[in-house]
Amino acid sequence: RKPNLAVVGATGAVGGVLLGILSERADIWGEVRLIASPRSAGRKLTVRGAETEVLALAEEVFDDIDIALFDVPDEVSARWAPVAAAKGVVVVDNSAAFRTDPDVPLVVPEVNARAARARPRGIIANPNCTTLSMIVALGALHAEYGLSELIVSSYQAVSGAGKAGVDVLRSQLSAVSGTELGTTPGDVRRAVGDDLGPFPAPMALNVVPWAGSLQEDGWSSEELKVRNESRKILGLPDLRVAATCVRVPVITTHSLTVHARFEREVTVAGAHEILAAAPGVVLCDAPEEGEYPTPADVVGTDPTWVGRVRRSLDDPLALELFVCGDNLRKGAALNAAQIAELVAAELTGH
Ligand code: 2RA
């Protein structure tokens, strides 16, 4: 029989993208059951061409489900993923609740698909979108050259902070459009008003060096996620990682600049060859033609796009890259769907 899938958090920003992805990809599922908080229950959403009623999260909604994709806040996952797992459901969780749990694999199918098979808690974690936006390309380079150090800066889209992030940027853009704002200190801040949504500063006409919550010694939670998750996915527990996470006025698609140092000497030609052949990666690197990826061109696509590949001028072991990936697709919903497909193949013996 075809496995039954539950989507928990079906009405959220990532949930909506996931329903589209499930409708586009090979239809390997029996039932697709949509679940959300009691507040959103009763709504009807379309998946695989069929209008489907959203059910309220409760233990019984996991009856007869084989795999559940969770995209809900950390505390909701922490409470409900174990409830589903106790009923024999394999949970693919997109929150941060289990990503660093040693008994929960953190999986990117192109990089460490085999890790998904060992899941003592019945839970598989999906990485954070910032890590996911670069890790497929880095995994391919690591397999050839052996990664030893990573220094990255992110340029994160507002949809990473959910629908509220998108709404606040759109309304701020209307407030500044057609004005001469952006020329004196605080003029943008005054024009957009006090409601900054999920951000600590105006997003319109601005760049904000902050994503996530404050952690020890001035690091943000997002920066620590990039470090911890890259180490776990690549199986390099001592990898040196320094990340600075920055929010930019882009709706969807995270970008990163990457300084990656390897154990073996690198060449641009070698890196191009690896990246051009890597599943899930598109090499877009012809600066003489003005070709490099940008979020405006990448949004809505599945792959990780890589451009601006250079060998570091002062270090023959290091590469500089610019990477873009749709944070709602590969950065969240698509990777989760790919993990669910891996598990489905395992459960049905394919
Ligand atoms: C963000 N990475 O972009 C987060 C979302 N998971 O805010």
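Residue-by-condition table, conditions (1) out of contact with any His (no Cβ under 7 Å at 6 or more places or on another chain); (2) away from the ligand (no atom under 16 Å from the Cβ):
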position	(1), (2)
ASP297	yes, yes
THR301	yes, yes
TRP305	yes, yes
ARG310	yes, yes
LEU317	yes, yes
GLY325	no, no
ARG329	yes, no
ALA340	yes, yes
ALA345	yes, yes
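Is at least one residue of the stretch 74-88 open to solvent by less than 10 Å² (accessible area, probe 1.4 Å), of a type outside the set (Asp, Glu), within 15 Å of the ligand (Cβ to nearest atom) and at negative phi?
Within the stretch 74-88, one or more residues are open to solvent by less than 10 Å² (accessible area, probe 1.4 Å), of a type outside the set (Asp, Glu), within 15 Å of the ligand (Cβ to nearest atom) and at negative phi.
Conditions tested, residue by residue: (1) touching a residue at least 40 places away in the same chain (Cβ under 8 Å); (2) under 15 Å from ALA140 (Cβ atoms); (3) buried (at least 16 other Cβ atoms within 10 Å of the Cβ).
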site	(1), (2), (3)
ILE274	yes, yes, yes
LEU283	no, yes, yes
GLU289	no, no, no
LEU313	no, no, no
GLU320	yes, no, yes
GLY325	yes, yes, yes
ALA332	yes, no, yes
LEU342	yes, no, yes
GLU346	yes, no, no
Item to check | Candidate set: the stretch 176-227, residues that are polar (S, T, N, Q) and assigned to a loop (DSSP other than H, G, I, E, B); chosen: the one nearest to ALA161 (Cα to Cα) | outcome: SER213
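When you scan the stretch 252-263, do you find a residue that is of a type in the set (Phe, Trp, Tyr) and away from the ligand (no atom under 16 Å from the Cβ), even just one? Talk me through it step by step, then tell me what you get.
From the stretch 252-263, those of a type in the set (Phe, Trp, Tyr) are 262; that's our starting set.
Of the ones still in play, those that are also away from the ligand (no atom under 16 Å from the Cβ) are 262.
Yes - at least one qualifying residue is present in the stretch 252-263.
Scanning for something assigned to a helix (DSSP H, G or I) and touching a residue at least 24 places away in the same chain (Cβ under 8 Å), does the stretch 103-110 turn up at least one residue?
Pass one, the stretch 103-110, residues assigned to a helix (DSSP H, G or I): 109-110.
Next, from what is left, pick out any that are touching a residue at least 24 places away in the same chain (Cβ under 8 Å): 109-110.
Within the stretch 103-110 (the criterion being assigned to a helix (DSSP H, G or I) and touching a residue at least 24 places away in the same chain (Cβ under 8 Å)), the answer is yes, since at least one residue qualifies.
Got a sec? Which of TRP80, TRP29 is under 19 Å from ILE123 (Cβ atoms) and under 24 Å from the mean Cα position of the chain (by Cα)? Before you say what the answer is, go through the steps one by one.
Working: TRP29 fails: under 19 Å from ILE123 (Cβ atoms).
Among TRP80, TRP29, only TRP80 is under 19 Å from ILE123 (Cβ atoms) and under 24 Å from the mean Cα position of the chain (by Cα).
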Next on the checklist: Filter the stretch 178-231 down to the residues that are within 22 Å of LEU150 (Cβ to Cβ), more than 15 Å from the ligand (Cβ to nearest atom) and surrounded by 14 or more Cβ atoms within 10 Å (Cβ to Cβ) and list them by number.
Outcome noted: ARG231
Item to check | Residue list for the stretch 176-235, restricted to those being in contact (Cβ under 8 Å) with a residue 40 or more places away in the chain, in contact with a helix residue (DSSP H, G or I) (Cβ under 7 Å, 6 or more places away or on another chain) and among the β-branched types (Val, Ile, Thr) | outcome: VAL226, ILE233
Next on the checklist: Going residue by residue through the stretch 238-246, is there one that turns out to be surrounded by 20 or more Cβ atoms within 10 Å (Cβ to Cβ), in contact (Cβ under 8 Å) with a residue 40 or more places away in the chain and within 26 Å of LEU169 (Cβ to Cβ)?
Outcome noted: yes
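Could you tell me whether the stretch 96-104 includes any residue that is touching a Ser or Thr at 6+ places or on another chain (Cβ under 6 Å), at pLDDT 95 or above and within 30 Å of GLY139 (Cα to Cα)?
Here is the first cut: in the stretch 96-104, the residues touching a Ser or Thr at 6+ places or on another chain (Cβ under 6 Å) are 97.
Keeping just the survivors that are at pLDDT 95 or above gives 97.
Applying the additional criterion that residues be within 30 Å of GLY139 (Cα to Cα) yields 97.
Scanning the stretch 96-104, I find at least one residue that is touching a Ser or Thr at 6+ places or on another chain (Cβ under 6 Å), at pLDDT 95 or above and within 30 Å of GLY139 (Cα to Cα), so the answer is yes.
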Checklist entry - Does ASN206 meet the test of being closer than 30 Å to PRO82 by Cβ and of a type in the set (S, T, N, Q)? => result no
Checklist entry - SER153 is checked against (1) within 20 Å of PRO127 (Cα to Cα); (2) away from the ligand (no atom under 13 Å from the Cβ); (3) assigned to a helix (DSSP H, G or I); (4) among the small types (Gly, Ala, Ser) and fails just one. What number does that condition carry? => result (3)
Item to check | strands (runs of 3 or more DSSP E) wholly inside the stretch 49-93 that include at least 3 residues being among the hydrophobic types (A, V, I, L, M, F, W, C) and over 18 Å from PRO38 (Cα atoms) | outcome: 90-93
Checklist entry - Within the stretch 131-169, restricting attention to residues that are open to solvent by less than 10 Å² (accessible area, probe 1.4 Å) and touching an Asp or Glu at 6+ places or on another chain (Cβ under 6 Å), which residue is farthest from GLU341 (Cα to Cα)? => result GLY146
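The values are calculated or read from the model by the stated rules, or taken from the named source; none is laboratory data. All figures in this text were calculated on a predicted structure; none of them were measured in a lab. Glycine also receives a Cβ, built like all others from the backbone with ideal geometry; neighbour counts cover every protein chain displayed. Accessible surface is based on the protein model in full, side chains and every heavy atom, while ligands, DNA and RNA are left aside. Shrake-Rupley method; radii C 1.70, N 1.55, O 1.52, S 1.80 Å.
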